[in-house]
Amino acid sequence: MITTVLVANRGEIACRVFRTCRELGIRTIAVHSDADGNALHARVADATVRLAGAAPADTYLRGDLIVKAAMAAGADAVHPGYGFLSENADFARAVLDAGLVWIGPPPEAIEAMASKTRAKELMGLEPLREVTEDDLPVLVKAAAGGGGRGMRIVRRLEDLDAALEGARAEAASAFGDGEVFVEPYVENGRHVEVQVLADTHGTVWALGTRDCSLQRRHQKVIEEAPAPALPDELAQELHRLAVRATRAVDYVGAGTVEFLVAGGKAHFLEMNTRLQVEHPVTEAVFGIDLVAQQIRVAEGHALASDPPRARGHAVEARLYAEDPANDWTPQTGTLHRLTVPEGVRLDTGYEDGDSIGVHYDPMLAKVVAHAPTRAEALRRLSGALERATLHGPVTNRDLLVRSLRHPEFTAARMDTGFYDRHLPDLTKPSPDAHAPLAAALADAHGRSRLGGWRNVPSQPQTKRYAMAGEEHEVRYRHTRAGLEADGVRVVHADARLVVLEVDGVQRKFEVARYGDEVHVNATRLTALPRFPDPVAQLAPGSLVAPMPGTVVKIAEGAVVGAAVRAGEPLLWLEAMKMEHKITAPVTGTLTALHAAPGHQVTVGSLLAVVQAA
């Protein structure tokens, strides 16, 4: 019987596994990097071990340190979570060799399926050995790991070598394995997967389907179960293929078999030999705890002969600290507050006041809604996200709400090209026009009436805010009757709540301020100084770092004095295990280059200057 589990992971998944362990009466052990010393998963565990001797970005890839930590802390089992070493057969063997229980599939099954090249061979498929014009477009893909890292779409032969180089570097950084392969790229397909669960007694469950077609950079954003508008015959075929793949490698535990569905046909992608990020939608529909089932299977218990029946529909949205309108740029900073309304499930690795760093994936939380029908689940989830309190860095919340309400998605006509087609419309700014006034009135509350009110008419008070990339100036007055503003009636104003009446309609504005960062309902503003600093201006054509990170590469030919074209890559930054391309803002001459490979940069660091032609 398992009594103490070490989770060889961090963040949301570690917290998720700990929750089930506590319910089962199992003691929990967390491991953490130096950057994660005060992370939530380290705070909630029964015991914690610092993994010393590795850089933060590589800490959770050090299997030797994790096994040593498990032994030192008295664990009798290790749960790998997802990502990092979760699909590493050598790590699984090291855990077993240490006499610990491995809450995952046998190393041989991981070895057979974790390499996507070997998995395709097992399923009777082969990656492309040579690429010709007739093969285009193709997809360069990491042989190990997942989550969109180490993936590149190639539409021109001349771009293949650069794509291979970039994918190898990204895969090596994220998974410690730089092997990549090339396969045909299926345009406008749906990403559909099957959750499997197998025990050591020969029973395999195929727990329905999931649709994960809404993706950015090959990383899933919204997932749902069951996959909508999927013909029963095709769904059954996916189940058969998934069970066949599971049995082919004598699989044990929870896993996922992934497919691209296009033209009524299923194209095998891979088998993920671990728990998936999107497993909560399957849990909701089938009424089971997959982590609890993983532990039971690891203890040798048998599954029932038949899986439970599916009920209703579930949808999950991944909430990221990122700016979708700015090339999905990851965001960092303090997460001041995160709450969602009752009636939905929140899985997160953060609490109010936690810091979002640069070393790991920027996912803040997963929000899951379950309802009798798909339409009800979509409405419940979009409404909960819309009413969620998110104070801190820019997030993809607005994108998620709009995606869930988009007619193409609500009609289940989406595919993996959804954001390629709709991103500009989905990211158009739509700030609340009255948010700056509400922020100003809340800030003015509590100030001395004697300091603001006069016996004779005077100039109004003014405040300036940046909102959705634009500057807004608002005016208000202190009077005997209270605060006044043109065009609206101020019904109530205090530091946290402002009520305005506009055209006979009263609206409430909840206001929170953290330094210069102001949140008014779902609108984020920045309070600007009354008198701007004329020195704090950058030269036209300046390229600044959009995020903290490391310069990993300078483009060939990117030297001072070189002619460059607008949109041409100049350098690449690595942040949160992903490479981010920094391009020339205009066509002209590169007049300054302040970056070099290996340089650490902070947000706003000047990287280069391009003088327009």
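Read-outs throughout are calculated quantities, based only on the coordinates presented, and are distinct from any laboratory measurement. As the structure is a prediction and not an experimental result, all values here were calculated from the model. For neighbour counting, all protein chains shown are included, and Cβ atoms are generated from backbone atoms with ideal geometry for every residue, glycine included.
Please give every one of the lysines within straight-line cross-link reach of Lys428, meaning a C-alpha to C-alpha distance under 20 Å, and leave out same-chain neighbours fewer than 8 residues apart. The qualifying lysines are none; the list is empty.
Under the criterion of Cα pairs below 8 Å and six or more residues apart, the relative contact order for segment 1-99 equals 33 percent. Computed packing ranks the peptides 176-187, 462-473 as 176-187, 462-473, most packed first, by mean other Cβ atoms within 10 Å. When the alpha carbon coordinates of segment 190-426 are projected onto the principal axes, the ranges are 49, 41, 33 Å, largest first. Adding -39500 (n - 2.57) for every DSSP H run of four residues or longer, then dividing by how many residues the chain holds, sets the calculated 222 nm ellipticity at -7500 deg cm²/dmol.
In plain terms, the residue of Thr427, Thr416 with the fewest other Cβ atoms within 10 Å comes first and the most crowded comes last, giving Thr427, Thr416. Stick to Cα atoms and the Kirkwood definition of Rh, then tell me Rg/Rh for segment 53-102. Radius of gyration relative to Kirkwood radius: 0.94. Defining a contact as two alpha carbons under 8 Å apart and six or more residues distant in sequence, what relative contact order in percent does segment 113-184 show? Value for segment 113-184: 35 percent. Dipole check for segment 190-426: with +1 at the C-beta of Lys and Arg, -1 at the C-beta of Asp and Glu, and the Cα centre as origin, the magnitude is about 400 Debye. Any aspartates and glutamates with Cα under 20 Å of the Lys553 Cα? List them, leaving off those in the same chain fewer than 8 positions away. In chain and number order, the partners are Asp58, Glu158, Asp159, Asp161, Glu165, Glu170, Asp177, Glu179, Asp327, Glu568, Glu574, Glu579.
Computed over segment 381-528, relative contact order equals 21 percent, with contacts defined as Cα pairs under 8 Å that lie 6+ residues apart. When the Debye formula is applied to the Cα atoms of segment 113-184, each taken as the same point scatterer, what base-10 log of I(q)/I(0) results at q = 0.19, 0.25 Å⁻¹? Log10 of I(q)/I(0), two decimals: -0.71, -1.11.
In segment 435-528 the Cα-Cα distances spread across 10 Å bins starting at 0 as 17, 50, 30, 3 percent of all pairs.
Protection proxy ranking for 281-293, 75-87, using the average of other Cβ atoms within 10 Å per residue and placing the highest first: 75-87, 281-293. Counted over the chain with a bin width of 20 Å, the fraction of Cα pairs per bin, in whole percents, is 18, 50, 27, 5, 0.
Using the structure shown, select from Lys366/Lys581; Lys68/Lys120; Lys116/Lys220; Lys141/Lys581 the pairs with a Cα to Cα distance greater than 24 angstrom. It would help to have the intermediate numbers written out before the result.
Working: Lys366/Lys581 27 Å; Lys68/Lys120 35 Å; Lys116/Lys220 18 Å; Lys141/Lys581 18 Å.
Flagged as over cut-off: Lys366/Lys581; Lys68/Lys120.
Over segment 4-103, all Cα pairs binned in 10 Å intervals from 0 give whole-percent P(r) values of 18, 57, 25, 1, listed from short to long. Evaluated with a Cβ-only charge set (Lys, Arg +1; Asp, Glu -1), segment 542-612 carries a dipole of roughly 60 debye about its Cα centre, given to the nearest 20. Hydrodynamic analysis of segment 323-473 uses the Kirkwood radius over alpha carbon pairs. Inserted into Stokes-Einstein at 10 °C and 1.306 mPa s, it gives a translational diffusion coefficient of 86 µm²/s. Neighbours of Arg496, meaning other residues whose beta-carbon lies under 13 angstrom from its beta-carbon, give a summed charge of 0 when Lys and Arg score +1 and Asp and Glu score -1. Out of Pro308, Gln276, Ala227, whose Cα points farthest toward the positive end of the dipole of segment 208-315 (charges: +1 Lys, Arg; -1 Asp, Glu; placed on Cβ)? The Cα lying farthest towards the positive end belongs to Gln276. Per residue, the Cα convex hull of segment 495-604 amounts to 186 Å³. The simple spin-label model puts a point 7 Å past each Cα toward its Cβ; for Ala375 and Glu133 those points are separated by 5.0 nm.
Report the equivalent ellipsoid semi-axes for segment 542-612 in whole Å, largest first, defined as the square roots of five times the eigenvalues of the gyration tensor built from alpha carbon atoms. Before the final figure, lay out the partial values.
Details: eigenvalues 75, 25, 22 Å².
Each semi-axis is √(5λ); the values are 19, 11, 10 Å.
The magnitude of the dipole of the chain, with charges of +1 and -1 set on the Cβ of Lys/Arg and Asp/Glu and taken from the Cα centre, is near 2020 debye.
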